[in-house]
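Reviewing the structure listed below.
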Amino acid sequence: MGAGGMSKSRVSRLCAEIDERVNAFLIRPLEGAWPYLWLDATDLKVRESGRIVSRAVIVAVAVNEDGKREVLGVATGPSEAETFWTEFLRSLADRGLRGVKLVIADDHKGLRAAARRVFNATHQRCRVHWMRNALAHAPAKQRSAVAAMLKTIFAQETKADAEAQWETVANALREKVEKLGIFMDASRDDVLAYMDFPRTLGPDRVHDPTRQGEPRDQAAGRRNRHRSE
């Protein structure tokens, strides 16, 4: 890693400097309004007191009114319990996070309850996670066709059109996979929640964390390239 010949004390000093910068980043004040907030979590194996244990790592990414994306915070805890999410979100609020209108996240009950309590914002179920959950109900050989049908819903320009297409697709799939139809009936409002909001940031950014804050001209160019292909 390019650290050959470095003394232990030098490595320790470098690590201390990195820790100082990271901590400063994680406690920095948050200014302005951040209408769109993405929350995600994963479990990692870490060493504690000589034992390997599982720890939850949660990340908050947001886009402000100018379309700028930033990582707002990261935290670790023993599990993804509601109390852990609540503490994390309150720490963001204490640092100045405000103006949150839409929280995009997986369908985690503890997370949803915490976000509602702290920010009183609308919950948008992450489309990436939702699609993964939906396809789990479909037979493996049919998943490509099912995914293509589901994607037609999100190609609609208005919420009314999306809801109509949702019903059409759900009814068509219900005939082949009843559980998938039931799953779609229960999740429609959460998955289409973003369509109640202005399209100023572009619909892609509500669902795809890799495109949060992407300049509008770049997003348009990418979409045009896809169409030409």
If the requirement is being among the charged types (D, E, K, R), closer than 29 Å to residue 192 by Cα and out of contact with any Asp or Glu (no Cβ under 9 Å at 6 or more places or on another chain), which of these qualifies: 40, 66?
66
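For residues that are surrounded by fewer than 17 Cβ atoms within 10 Å (Cβ to Cβ) and part of a loop (DSSP other than H, G, I, E, B), tally how many sit in segment 26-35.
Count: 5.
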Suppose the filter is in contact with a Leu (Cβ under 7 Å, 6 or more places away or on another chain), part of a helix (DSSP H, G or I), on the phi < 0 side of the Ramachandran plot and modelled with pLDDT of 95 or more; does residue 162 pass it?
yes
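Run down 184, 149, 131 and say which single residue is part of a helix (DSSP H, G or I) and either within 17 Å of the chain's Cα centre (by Cα) or touching a residue at least 60 places away in the same chain (Cβ under 8 Å) (or both). Steps first, please.
Numbers: 184 fails: either within 17 Å of the chain's Cα centre (by Cα) or touching a residue at least 60 places away in the same chain (Cβ under 8 Å) (or both); 149 fails: either within 17 Å of the chain's Cα centre (by Cα) or touching a residue at least 60 places away in the same chain (Cβ under 8 Å) (or both).
After applying the criteria, what remains is 131.
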For segment 114-125, check the following and say yes or no: at least one residue is part of a loop (DSSP other than H, G, I, E, B), under 30 Å from residue 96 (Cα atoms), within 18 Å of the chain's Cα centre (by Cα) and not hydrophobic (A, V, I, L, M, F, W, C).
yes
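Looking only at segment 36-80, count every residue that is over 22 Å from residue 97 (Cβ atoms) and either in contact (Cβ under 8 Å) with a residue 12 or more places away in the chain or in a strand (DSSP E or B) (or both) and tell me the total.
13
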Exactly one of (1) in contact (Cβ under 8 Å) with a residue 60 or more places away in the chain; (2) more than 30 Å from residue 128 (Cβ to Cβ) is unmet by residue 17. Its number?
(1)
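The values are calculated or read from the model by the stated rules, or taken from the named source; none is laboratory data. Quantities reported herein were computed from a predicted structural model and do not represent experimental measurements. Neighbour counts are summed over all protein chains in view; Cβ atoms, including those assigned to glycine, are modelled from backbone coordinates with ideal geometry.
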